[in-house]
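Please read the structure below before turning to the comments.
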Amino acid sequence: MKNIGNLKEFATTPDRFQGGHRLCPGCAHSIIVREVVNATEDDIVVSTATGCLEVCSSIYPYTSWDVSWLHIGFENAAAGISGAEAMYKALKRKGKLPVDKPAKFLAFGGDGGTYDIGFQSLSGAAERGHDFMYVCLDNEGYMNTGGQRSSATPVGAHTTTSPRGRISYGEKNWKKDLTMIMSHHGCPYVATAVPSKWKDLATKAAKGFDTEGPVFLNTLSPCTTEWKFDPADTIMISDLAVDSCVFPLYEIENGTKLTITYRPKNKIPVRDYLGAQGRFSHLFKKGNEHLIDAWQKHTDEYWEYLQRREEAGV
Amino acid sequence: MAEKYELKTKEVWDGNTAASHALRQAQVDVVAAYPITPSTPIVQNYSSYLADGYVDGEFVMVESEHSAMSACVGASAAGGRVATATSSQGYALMVEVLYQASGMRLPIVMTVVNRALASPLNIHGDHGDLYLGRDAGWIHLIANNPQEAYDMTLCAFKIAEDEDVRLPVTTNQDGFLVSHTAQIVEPLDDETAYKFVGDYKQKNPMLDFDHPVTYGAQTEEEWHFEHKARQHKALMDSPKVIEKVFAEFKELTGREYKLVESHNMEDAEVAIVAMGSNYETAKIAADEARKAGIKAGVVCPRSFRPFPIKEMAETLKNVKAIAALDRNCPMGTIGALHNEVAGAINAFGQNAIITGYIYGLGGRDTTVAHNLEVFKDLAMNAEAGKRVTPLQKFINLRGPELSFFKVGE
Amino acid sequence: MATPTERLENWDEFEIGAVLKSFDENGNYSRDHSKTYKVADWRVEKPVFNRDICIDCDMCWVACPDSCFIVEEVVNKRGKKQANIVGIDYDHCKGCAVCVEVCPTPIKSLLMFPEFEDNNNALANWPKKEKKDK
C-alpha cells in the first residue's frame, strides 16, 4: 500500500491523468481522478462509464490517460472492468503475464452510471467478488447531458427534469444511500470522500487498491456548471459539504466496522452549503423555509446514525 | 494446464454439446456468460468442464447478457481469447454492446442458438436474433447441424483472430432442431483442435502496461464515418480469410465448407435459398422434387455477414426461379435473405424470378412436404417464364392463405 | 471539438478499432495524447505564480483539475523527497482559479490576471505585505 504521507511528498507522484482534457474549468472530477490514480504505484487498467469524465478525456484523436483505459457504455463500467480483471487472472494463471508485478483494476462512473443505469452491472461485479475498485464521481445528476435528475439528486435541487417552477420546489426525493447499499453487498471496503480532503481521499483510494475484492468509493464531485457556483469555488463547496455533514466522510470495513474519518471542528448549518449553490437558491424564497429545516433535520439524523454505528462498532 | 478430455472419433452430440466442446478445445481465456434457453447447455457444459479441470481459463457467470458481452469486451481488450453463448432475448439485451465489440475490433466468438424474439414469448427456433444482429458489424456464420456447429465454432476463432480480420464472429445454429438434436459428430482430439485454432495473437492489449492504450474513444462528425467505413471494409475483405480457414480445415478433416453451400445445383432450374436446419430438410425435398421431374437445387449462405454476394449470384446463375426462405418475420417488407439474394442476382445482371417465403417462426415445423410445395411454386414460375405466385407467402401458417403481391392484384 | 487539420487522417490511416496509444515508440507522449492538445484558448484570465512567496505546500498541485502545476522533486533537509512548484503549464490551464482559492499564504502566491497581462508586469505589481505598526 502506498504511504500517502504529506502533500509535499504526494506531489512528487508522476500524474497518470493529464491535462488537455475537455472537462469544464474547475471541474471536481479530474481533481478526484488524480487523487485516486496517484494513490498507487502499481499498474492500473481503468474502465469508465459514459459521462463527463469519459467524453472529456477521450475525444478522438486524443486520450488524457497514461494508463490503459476502456469505455464501453453508460451502464457497464463495472462489467467491463470485471472482464479485464478476469483476463488478468487467466493470463497470470497460464503464465502469460509476470506473476510478481501487481496490477489494479479501477472503474469510474458518474452518479447516473452508478446509482441508476449502471447499478445492476456494479451490483453483479461486486457480488462476484472481482478484485477491483469502483469510484463513483457523484455530482448528483446527469450533468454531461445538461443537468437532469438522477437517483443521487437531493431534495429541493433544481435540475432540468426536476425544475423549480410556480408550483414545484425541484427534486422531491432524498438521494439513494448507495454507499450503504454497496457495503451490504459484502464489499470488504467502502468509503465516502471529497476532493477537498485530499489526504482522506487518497488514503482511502490507497486502502482500496490494497484491499483484495470489490471496493466502492463514493466521492462527492461538486459541479460548477449545474450546481451553479463559480469555478474557483469547487474546493470550498466540497469543504462546505463535509463541514455541514451533508456528505459525511466515513469508511466501512467488511460491512461491519464503520469509522467516521472526518469530524468538523465547527459543524456549520446546512443552509450555508445550500446557499452557496444556485441550484438551491429557490429554497431561500418565502414559503420554502420548511425545506431547509427538513434538510437540517435529515442531515442531523444521518450524522447521528453514523456516530451511533461507530460507537457500537457495527 | 487443463486436463485432456478423451473423445471418441465419433460422438453422439447435440449442437450445444458440440459448440461447448469447441469452446473448451480452443482454450478460451475468459468466458463470460449468462444462461438462456436454448443455449443454456453450452454454459452448463462449460461450467462442468471447469469443475472437472478441463478448462483453465476464467469463467465469469455474470448477472445479465448485457454484462456478459460487456465483460467479454473488457476481457478481449485486455488481450486474450474470449467467448460467450446466448439466444434470443439475451442476444437482444446484448445488442448495444455487440456494436461496441465490433467497433473496437475485438475478436470475440459467440455461439448463438437461434430463437424467436418476444412478444409473444417463445423459446423455440427462428432467426429473429440473427437478424437483429445483422448490422452489428459481426461476422455471422451459419451451422446447419451439430457437426457444423462444432466445425464453425473452431473456425470462428481462427477467422476472428486473423490479423487481417480482427472482428467478432457469431456461429448460429437453430434452437432445438440443431441445439437439442443429437447426431453423430466427428470431433478432433483436443491437441489437434487447439493446434488448428492456434495461440491467441494479441493486438493492442490493455494488459501491456508499457504501452497503455485507450479503447472506446468518442469520435464525432469528423471521424466517425471514417472509422465505420474502415470497419465495413474489414468485413467486406473477410471472405478471403474465411476461405483460407475453411481450406485449412478441409485439409485437416476432409470436411469442406464454402461461402455458399449448395446441393444439386449443377443443373438446377429452380432453387431454394435457406439458412439453418431447413437447408437440410430442403435438400431431401429437392431430391424428392427431382423424382417428380423438377430440377431442384438448394443453396445456403455459410456466412450471413459478410454476405457472399458474388458467390451467391454465381451459384444461382443458371436457375430460372428462386425462393428465398426467411425464418424471421420481416415486419413490413419481403425478407432480409430474399432482399440479399435479389440484390445479388440483380447486381450481376441475372434475371431469375425470385419470391420470398416466411417459415418456421417460433419453432413451427417446416417439413419436406412444405419445401416440396415451394419447389412446385418455383416450377410454375419457371415454366411461365414470369412470376405467377405471390411475391411473399407463408409456409404452414394456420388459417386462410396469407400472401402479398399476388400476380394481377 | 474540432481536430486540428494537420491531425486529421483518412479512413485507411489510423489504428483499427479507434484505439489510441498514450506513448510513442520512445516512451514519449504520442500525438494521440491530450498533452499535445491545447486548451489555453478557453481562458479569459490566467493565474500568475509568484515563486518568491510560495511555501511549496502543493495545495495548487493537488487541486488543479488540469494537472497544470509543474513540480520539481527535491530532497529536503530531513532527507525526504518533496515537490517544489516551478511553474504553470499554460497550454492546459483553463483559468478556473481554483489554485488561487486554495493558495494559503497571507499574500497569495497565485493571483488571477487578464490573459494578455505580461507576467513580469503582474509580478512587479504584486500586492505588498502591509507593515504593522508596533
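Quick one: if the Förster radius is 60 Å, what FRET efficiency do B:Glu314 and C:Thr36 give, using the C-beta to C-beta distance and rounding to 0.05? Don't skip to the answer; put the middle values down first.
Numbers: r = 50 Å, r/R0 = 0.84.
After rounding to 0.05, the efficiency reads 0.75.
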Estimated FRET transfer efficiency (B:Glu191, B:Ala247; beta-carbon r; R0 25 Å; 0.05): 0.75
Modelled label reach - B:Glu6, point 7 Å along Cα→Cβ, segment B:174-197 residues with backbone N closer than 14 Å: B:190
Radius 13 Å from Cβ of B:Val407, net charge of other residues (Lys, Arg +1; Asp, Glu -1): +2
Sequence of B:Val260, C:Val44 once ranked by neighbouring C-beta atoms within 10 Å, starting from the fewest: C:Val44, B:Val260
On Cα atoms only, tilt of B:15-25 relative to the major axis of chain B in degrees: 30
Pairs from B:Lys295/B:Lys393; A:Lys104/B:Lys201; A:Lys199/C:Lys38; B:Lys8/B:Lys195; B:Lys8/B:Lys258 whose Cα-Cα separation, in the structure shown, is over 25 Å: A:Lys199/C:Lys38; B:Lys8/B:Lys258
Given A:Lys8/C:Lys35; A:Lys176/C:Lys46; C:Lys21/C:Lys108, the pairs whose alpha carbons are separated by over 32 Å: A:Lys176/C:Lys46; C:Lys21/C:Lys108
Prolate/oblate/rounded call for segment B:260-404, Cα gyration tensor, a/c under 1.5 rounded: rounded
Sequence-separation-based contact order of segment B:11-253, relative, with Cα cut under 8 Å and 6+ spacing, percent: 24
Amide N of segment B:84-127 lying under 17 Å from the label point, which is placed 7 angstrom from the Cα of B:His224 along Cα→Cβ: B:96-104
B:Ala32 long-range amide H proximity, modeled H, under 5 Å: B:Val60, B:Ala83
Residues A:Phe119, A:Phe105, sorted so that the one with the fewest Cβ neighbours within 10 Å comes first: A:Phe119, A:Phe105
Nearest 10 degrees, 0 to 90: helix B:40-51 Cα axis against chain B principal axis: 30
Estimated vicinal HN-Hα couplings, Hz - segment A:291-302 in sequence order (Karplus 6.51, -1.76, 1.60; Gly, Pro = x): 5, 5, 4, 4, 4, 4, 5, 4, 5, 5, 4, 5
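So what's Rg/Rh here for segment A:184-314, counting alpha carbon atoms and using the Kirkwood radius for Rh?
1.01
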A:Lys104 long-range amide H proximity, modeled H, under 5 Å: A:Asp43, A:Ile44, A:Val45
Relative contact order, percent, chain B [alpha-carbon distance under 8 Å, six or more residues apart]: 15
Whole-number percent relative contact order across chain C, with pairs defined as alpha carbons under 8 Å at least 6 apart: 26
Length added when fully stretched, B:Glu163-B:Ala118, from 0.36 nm per residue minus Cα-Cα: 12.4 nm
Summed side-chain charge close to B:Ser70 - residues other than B:Ser70 whose Cβ falls under 14 Å, Lys, Arg +1, Asp, Glu -1: -4
Given charges at beta-carbon only (K, R positive; D, E negative), |dipole| of segment B:59-171 in Debye: 80
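May I ask you to derive the FRET efficiency for B:Lys406 and B:Glu266 from their Cβ-Cβ distance with R0 = 35 Å, giving the value to the nearest 0.05? Working shown, then result.
Values: r = 33 Å, r/R0 = 0.94.
Calculated transfer efficiency: 0.60.
Quick one: work out the % antiparallel among DSSP beta bridges in the protein assembly as shown, nearest 5. Please report the intermediate quantities before stating the final value.
On the way: 36 of 102 bridges.
In the protein assembly as shown, DSSP labels about 35 percent of beta bridges as antiparallel.
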Rounded to 5, percent antiparallel among DSSP beta bridges of segment B:11-253: 15
Within segment B:260-404, percent of DSSP bridges classed antiparallel, to nearest 5: 25
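So what's the back-of-envelope 222 nm ellipticity for chain B, counting only DSSP H runs of four-plus at -39500 (n - 2.57) apiece and dividing by all residues, rounded to 500? Could the numbers behind the result be given before it?
Details: 12 runs with 163 residues, N = 409.
For chain B, the value works out to -13000 deg cm²/dmol.
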0 to 90° range, to nearest 10: angle between helix B:65-78 axis and chain B longest Cα axis: 60
Between segment B:42-105 and segment B:275-290, the Cα center-to-center distance that results, in Å: 34
Of A:Leu53, A:Leu137, A:Leu291, the one that fluctuates the most in a GNM where chain A has Cα springs shorter than 10 Å: A:Leu291
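Using the Cβ atoms and a cut-off under 15 Å, what net charge is assigned to the surroundings of B:Ala182, where Lys and Arg are +1 and Asp and Glu are -1?
Values: positive: B:Lys8, B:Lys10; negative: B:Glu11, B:Asp14, B:Glu148, B:Asp174, B:Glu186, B:Glu280.
Residues near B:Ala182 contribute -4 overall.
What's the exposure ranking of A:Arg128, B:Arg81, B:Arg327, A:Arg263, going from fewest to most Cβ atoms within 10 Å? Before the final figure, lay out the partial values.
Details: A:Arg128 19, B:Arg81 26, B:Arg327 30, A:Arg263 13.
Going from sparsest to densest Cβ surroundings: A:Arg263, A:Arg128, B:Arg81, B:Arg327.
Computed from the coordinates by the stated procedures, all read-outs in this text should not be read as laboratory data. Since the structure is predicted, the reported quantities are computational estimates derived from the model, not experimental observations. Cβ atoms come from the backbone with ideal geometry, glycine included; neighbour counts cover every protein chain shown.
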